Amino acid sequence: MKLSKSIIEEIRELIRSARANVARGVDLIQVNTCFEVGRRIIEEEQKGEGRAHYGKAVIKALAGRLIAEFGSGFSERNLAYMRAFFQIYRDRNPILQTASAKSDSGEKMQTLSALSESLVQAITPLGKPPFTLSWSHYVFLIGIQNPDERSFYEIEATQQNWTVRELQRQFDSSLYERLALSRDKNGIRRLARNGHIINQSKDLLKEPLVLEFLGLSEQARYSETDLEAAIIDHIERFLLELGKGFLFEARQKRFTFDADHFFVDLVFYNRLLRCYVLIDLKIGKLTHQNLGQMQMYVNYFDRYIKTETENASVGIVLCKNRNGALVEITLPKDANIHAREYQLYLPSKEALRRKLIEWVGEAAE
């Protein structure tokens, strides 16, 4: 019997979804368990005097007992993480707070099965899970001191389904600071509350774009063709660096106008903004001719390529050094053309933080 492709794909998707949900459920049970362990440690500490010294003693004693029964996952170091996790997120988990309230009234939640049952209720369509990532993600997040920055990375890791490795790379590349520097104070607050929301073309932008994964050296000589080829070889990571909603369409996209041939280095489509995004690569000094050429590319796409239901195309000249004054005098303020710098190494997080603090201070004056 020959089956239709649609039923096979539908069943495959159901199975994949089920497996993902099972794995996610296990992760969330672990996270909630760690949260509760952290709570119990804090509660035990509060019974003693000289809390800092007593707290270390509690963790050491617990680790000695728990490792023997449950393994190295309950080492002193990991128990300290659980303690810190509860301290940071203590207001996050209403289900476990309810369980704790029952405990105070004498109805103790003594088993993991009870915790699992609460969690199953939490992840049904009737509710929203209080935690959304794996324990490994949260171990990384509790090391971020700035609560706004921590909130931003938690939201983005959830929405973009980042692995811990991808989360660490985005943190190391200072994604939060790079996005914040292109926004006003209210925009920075929205990053902390909502993550990176794409509503207009300028929301796509960050500076600089960090392309350390291309494997090109700052000291080595390379051409624009080399840069383009390296991007194509690492297109998945380049899309991740560009941000949300990007789809790759073509390289060296040719169009002909008045018998002349023109080539756009890279053409993308952003499904969130429903518009084409054209990128031209420049390794030399940015000139007004570069910006004028991109304006012509965008005009062509708007007049001959995009449909009536799509939004205006966006042009980005990606360059080694951007001359802000040149860009400002060349382009009108409402232009959909942007010049953005790239760099081939991870930025200095401390330098970007200082710059952000200075920028926020200036904006407040």
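Every number in this text was worked out from the coordinates using simple rules, so none of it is lab data. In this text the structure is predicted, and so the values were computed from the model without any measurement. Using ideal geometry, Cβ is built from the backbone for each residue, glycine included, and neighbour counts are taken over all protein chains shown.
Mind scanning Lys206/Lys349; Lys285/Lys355; Lys206/Lys320; Lys282/Lys355; Lys282/Lys349 and naming the pairs with a C-alpha gap bigger than 20 Å?
Violating the 20 Å limit, Cα to Cα: Lys285/Lys355; Lys282/Lys355; Lys282/Lys349.
Just to verify a number: FRET efficiency for Asn186 and Glu310, C-beta to C-beta distance, R0 = 30 Å, to 0.05? Calculated transfer efficiency: 0.55. How large is Rg/Rh for the range 259-320, to two decimals, with Cα atoms and a Kirkwood Rh? Using only Cα positions, Rg/Rh for the range 259-320 is 0.98. Calculate the FRET efficiency for Gln46 and Ala220 from the Cβ-Cβ distance with a Förster distance of 56 Å, rounded to the nearest 0.05. FRET efficiency, Gln46 to Ala220: 0.45.
Summing +1 for each Lys or Arg and -1 for each Asp or Glu among the other residues whose beta-carbon sits under 12 angstrom from that of Leu227 gives -2. Here the ratio of the Cα radius of gyration of the range 198-260 to 2.2 N^0.38 Å is 1.36. Approximating the spin labels as points 7 Å out from Cα along Cα→Cβ, the Asn321-to-Gln159 distance works out to 3.6 nm. Taking every alpha-carbon pair in the range 173-277 and binning the separations at 5 Å intervals from zero gives 2, 10, 18, 19, 19, 15, 9, 6, 2, 1, 0 percent. Here r is the Cβ-Cβ distance between Asp302 and Glu350 and R0 is 51 Å; the resulting FRET efficiency, rounded to 0.05, is 0.75.
Taking one quarter of the surface of the convex hull spanned by the alpha-carbon atoms of the range 236-365 gives a direction-averaged projected area of 10.0 nm².
Between His261 and Gln200, residue separation times 0.36 nm minus the direct Cα-Cα distance comes to 18.9 nm.
Exceeding 31 Å between C-alpha atoms, which entries from my cross-link table qualify? They are Lys47/Lys185; Lys185/Lys244; Lys56/Lys185; Lys185/Lys333. Present the calculation step by step, with values, prior to reporting the outcome.
Details: Lys47/Lys185 43 Å; Lys185/Lys244 22 Å; Lys56/Lys185 40 Å; Lys185/Lys333 20 Å.
From Lys47/Lys185; Lys185/Lys244; Lys56/Lys185; Lys185/Lys333, over 31 Å: Lys47/Lys185; Lys56/Lys185.
Most tightly packed first, judged by the mean number of other beta-carbon atoms within 10 Å of their residues, the peptides 59-69, 176-186 read 176-186, 59-69.
Test of understanding: express the Cα radius of gyration of the range 129-223 as a ratio to 2.2 N^0.38 Å, with N the residue count. Don't jump to the answer; show the numbers that get you there.
Working: Rg = 14.8 Å, N = 95, 2.2 N^0.38 = 12.4 Å.
Rounded to two decimals, the normalised Rg is 1.19.
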